[in-house]
Structures are given as C-alpha cells and as structure tokens.
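K.L.:
Below you will find the structure I want to go over with you.
Computed from the coordinates by the stated procedures, all read-outs in this text should not be read as laboratory data. If you're wondering where the values come from, they're calculated on a predicted model, not measured in any experiment. No Cβ is skipped: glycine too gets one built from the backbone with ideal geometry, and neighbour counts run over all protein chains shown.
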Amino acid sequence: MTISKQTAERRQDYDGASPFPEAEEHVPAGRLQVGLTGAIVVAPFLALGVAIFLMWGRGFTLTDLLLAVVLYTVTGLGVTVGFHRLLTHASFTARPWLRVALAVAGSMGFQGNVIDWVAVHRRHHAFTDRPGDPHSPYRYGTGLRGQFRGLAHAHLGWLFIDDQTPAQRYVPDLLDDPAMTRVARAFPALCALSLALPFLAGWAITGTLYGALTAFLWAGLIRVALLQHVTWSVNSLCHVLGNRPFKTRRHDRSTNLWPLALLSFGESWHNGHHSEPSCARHGVDRGQLDPSAAVIGLFERLGWVSNVHWPDQERLERRRVPRREQARALAGD
C-alpha cells in the first residue's frame with residue numbers, strides 16, 4: 001500500500017490519542033492471502049471441535065499431551081529465541097547451524113516465513129503505537145470503541161489487509177543471507193512438516209490411525225492455534241493491559257503482562273523488551289519467568305552462542321519509572 005504525501009504529513013502530527021491517518025484505509029489483501037490466513041485461523045478451531053467429539057468419554061491421552069508440549073516448546077522457542085531475539089534484534093550471535101535450526105523451528109509455528117516475520121517486527125519497533133505500526137491496538141484512537149476495534153486489528157485483523165512491509169528496507173541483512181532465504185522459501189514445506197510430525201509420531205507410538213488422528217489434532221492444529229494466539233496477544237494485550245515499569249519511546253504503550261509469561265516463553269515482559277530491544281532477557285526483574293532467556297543462557301554455556309546482550313542493571317535503573325508515575329500514566333490511558 002502506497003502512503004500519500006498528505007498521509008505522511010499527518011503522521012508527523014500524530015498526538016498519541018487520535019486515530020491513525022490511515023485508520024480507515026482498509027485495502028483488503030489478495031484473495032490467496034485472505035484464503036490462506038483464514039484457513040490457518042479457522043482450521044484449528046474446527047480441529048478443537050473434532051477433538052472434543054473424539055475424546056468424549058475417552059479422556060485426554062498422555063501421548064497427545066506430551067507431543068503437544070514438545071512441539072509447542074520447540075516451535076515457540078524457534079519464534080521467540082530465533083525469529084525474535086536472534087534475527088530481529090541480534091541480542092546474541094549464534095553458530096550458523098543453530099541459526100538455521102532456530103529459523104526452521106520458528107517457521108514451523110505457522111507465523112509466516114522468517115524474512116517477512118522479522119521485517120514486520122522491525123517495522124513495529126520503528127513505529128510502535130504510532131502511524132506506521134502494522135499492528136498497534138491504538139490504530140483507531142484511545143476511546144472505548146476505538147480500543148475494541150484496535151485490539152481486534154492488533155490481534156488478527158492486520159493479517160487481512162494489504163499493508164506490505166518492504167523487506168529491502170527492513171531486513172537487507174537476511175536477504176543477503178543465503179541460508180535464511182532458503183529457509184524462507186521452504187516455509188510451506190516446513191508448515192506441512194509441522195503437521196506431519198505429530199501424525200506420524202502418534203501412529204508410531206500408538207500403532208493406530210485413531211492415535212495418529214488425535215495427535216494430529218492436539219499436537220498439530222490445536223498446538224499451532226495456541227502458539228499463534230499467544231503471539232498475537234503480545235501484539236494486542238501487551239500494549240493495553242499490564243504495567244509499564246520502564247521508559248520507552250514516545251507513544252509506545254508496551255506493557256508487562258505476567259499471566260502470559262510462561263506460555264509466551266517470556267515475551268509478555270513486553271515493556272522491558274521495548275525499553276531495551278536488543279537485550280536477550282525480557283523479564284529483567286526478580287521473579288519474572290523468561291524461559292527464552294534461560295535457553296539462551298544454556299546455549300551460551302554450551303558454547304553455541306556468544307556476544308549475548310544481558311541486562312545492564314545500572315542502565316535498567318536509569319530507565320525505571322517511579323511507581324507513582326506508572327500509576328498516573330496508566331490512568332491517563
């Protein structure tokens with residue numbers, strides 16, 4: 001979508017509360033993109049209904065649960081450690097084989113190919129919660145109706161509009177990396193593999209087609225849906241609900257939302273992340289669970305990663321917002 005000169009000028013005057021200048025410019029995505037995105041969103045919910053019907057009176061099998069947890073963890077960390085902390089923000093340096101492995105694991109999370117994902121996220125940081133942000137919940141303003149529309153847009157709606165993020169502008173480094181371009185091209189095949197693995201594992205473990213089917217439903221489609229909605233919740237809820245203990249850029253309303261910390265592998269300490277985007281740990285305060293940071297720490301001890309950007313406590317304290325100011329800021333929203 002091309003931005004007009006008038007829209008660009010209005011972006012410069014954004015006041016932090018009004019709808020974005022392009023808020024009502026809903027250019028729908030192409031039919032193929034809408035169809036594929038719709039299928040990815042709807043199919044897991046249909047699978048949930050089928051799974052509930054199949055398990056009625058039979059209970060939940062341990063095989064399905066274990067496969068779902070393992071694949072959720074592998075693909076989730078591929079997104080958080082690989083796509084996000086490594087490739088988007090360069091919060092550490094990984095050996096080439098690990099870099100590729102993380103990109104492959106993240107691609108199996110059904111969240112788009114690695115180049116597009118990183119480009120969109122870098123753009124999100126460049127324009128957080130102001131015109132140009134691809135998925136801000138403040139797109140329609142800060143009023144009650146605007147907030148509900150904005151949450152729907154930030155969570156899911158942005159996937160269905162034509163708002164292209166140019167890879168040449170945001171990820172020239174990945175475009176120049178042959179390994180990443182190959183992983184990006186392999187995205188459809190990796191999605192197919194992500195669903196085939198639980199089916200084949202369920203068949204191998206149980207020896208029955210029924211076991212393969214239930215594993216495909218729970219550790220395949222439903223696992224994908226859960227990971228997607230957790231990630232999308234960081235885009236939406238983690239800019240509206242929670243607290244903001246650290247200073248961020250102007251108009252940036254990113255928050256820390258503790259209930260999502262474990263499921264998101266530490267990504268929901270979103271205010272801490274937006275305050276220091278290149279930091280490898282997002283949960284920087286005591287008691288803040290950050291499994292992704294723990295995995296990066298393990299990789300560092302194994303010698304697989306280096307140049308890890310761990311939190312600088314003095315810098316953190318300089319960026320910390322006093323509690324009274326936090327309360328006033330949240331009340332002002």
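K.L.:
Taking amide H atoms as placed 1.01 Å from N in the peptide plane, list the residues 5 or more away in sequence, or in a different chain, whose amide H sits under 5 Å from that of Phe246.
P.N.:
Answer set, sorted by chain and number: Val321.
K.L.:
Quote the relative contact order of region 58-332 in percent (integer), defining contacts as alpha-carbon pairs under 8 Å separated by 6+ residues.
P.N.:
Working: 432 pairs, mean separation 57.0, N = 275.
Relative contact order here is 21 percent.
K.L.:
Shifting gears a bit: Efficiency by 1/(1 + (r/R0)^6): what FRET value for Phe148 and Ala192, r their Cβ-Cβ distance, R0 = 41 Å, to the nearest 0.05? Walk me through the numbers on the way to the answer.
P.N.:
Details: r = 36 Å, r/R0 = 0.88.
It comes to 0.70.
K.L.:
Additional query: With the dipole of region 58-332 worked out from charges on the C-beta (+1 for Lys and Arg, -1 for Asp and Glu) around the Cα centre, which of Pro198, Thr165, Ser136 lies farthest toward the positive end?
P.N.:
The one lying farthest along the dipole's positive direction is Ser136.
K.L.:
Convert each backbone phi in region 191-206 into a coupling constant with the Karplus relation 6.51 cos²θ - 1.76 cosθ + 1.60 (shift: θ = phi - 60°), then list the ³J(HN,Hα) values in order as whole Hz, x for Gly and Pro.
P.N.:
Once rounded to whole Hz, the list reads 5, 4, 4, 4, 8, 6, 4, x, 4, 5, 5, x, 5, 5, 6, 8.
K.L.:
Order by neighbour count: Glu300, Glu314, Glu267, fewest other Cβ atoms within 10 Å first, most last.
P.N.:
Lowest count first: Glu314, Glu300, Glu267.
K.L.:
Here is a further query. Please compute the net charge surrounding Arg123, taking Lys and Arg as +1 and Asp and Glu as -1 over other residues with Cβ under 9 Å from its Cβ. Write down the numbers at each step before the final one.
P.N.:
Values: positive: Arg122, Arg169; negative: Asp133.
Residues close to Arg123 contribute a combined charge of +1.
K.L.:
Take every Cα pair under 8 Å in region 72-225 that's 6+ residues apart, average their separations, divide by the length, and report that relative contact order as a whole percent.
P.N.:
Numbers: 193 pairs, mean separation 32.4, N = 154.
Dividing the mean separation by the residue count of region 72-225 yields 21 percent.
K.L.:
Let me ask another. Return the long-range amide H neighbours of Ile161 (sequence gap of 5 or more, or a different chain), with a cut-off of under 5 Å between placed amide H atoms.
P.N.:
Amide H to amide H, under 5 Å and 5 or more residues apart or across chains, Ile161 pairs with Ala29.
K.L.:
For the pair Arg320 and Arg250, how long in nm is the line joining their label points, each one 7 Å along Cα→Cβ?
P.N.:
Calculated label separation equals 2.8 nm.
K.L.:
From the phi angles alone, apply the Karplus equation (6.51, -1.76, 1.60; θ = phi - 60°) to region 157-171 and give each ³J(HN,Hα) in whole Hz, x where the residue is Gly or Pro.
P.N.:
Along region 157-171, the couplings run x, 4, 6, 9, 10, 8, 9, 5, 10, x, 5, 4, 7, 9, 9 Hz.
K.L.:
While we're here: Would you mind ranking Leu217, Leu263, Leu209 by Cβ crowding within 10 Å, fewest neighbours first? Could you put the intermediate results ahead of the total?
P.N.:
On the way: Leu217 26, Leu263 17, Leu209 11.
Ranked by crowding around the Cβ, least crowded first: Leu209, Leu263, Leu217.
K.L.:
Per 0.36 nm of contour for each residue apart, how much would the distance between Leu226 and Arg182 grow if the chain were fully extended, relative to their Cα-Cα spacing?
P.N.:
Going from the current span to full extension adds 13.2 nm.
K.L.:
Determine, for Asp129, Asp15, the number of other Cβ atoms within 10 Å of each Cβ, and report the residues in order from fewest to most.
P.N.:
Numbers: Asp129 25, Asp15 8.
Ascending Cβ contact count within 10 Å gives the list Asp15, Asp129.
K.L.:
Residue by residue through region 292-299, what is 3J(HN,Hα) from phi via Karplus (6.51 cos²θ - 1.76 cosθ + 1.60, θ = phi - 60°)? Round to whole Hz and write x for glycine and proline.
P.N.:
Whole-Hz 3J(HN,Hα) from phi for region 292-299: 4, 5, 5, 5, 4, x, 5, 4.
K.L.:
Taking a spot 7 Å from the Cα of Val70 along the direction of its beta carbon, which residues of region 95-132 have an amide N less than 20 Å from it?
P.N.:
101-110
K.L.:
Any chance you could run the full-extension gain for Ile161 through Leu289? It's 0.36 nm times the residue separation minus the Cα-Cα distance, nm to one decimal. If you can, show how the numbers build up before the last one.
P.N.:
On the way: separation 128, 0.36 × 128 = 46.08 nm, distance 3.45 nm.
Separation in residues times 0.36 nm, less the Cα-Cα distance, equals 42.6 nm.
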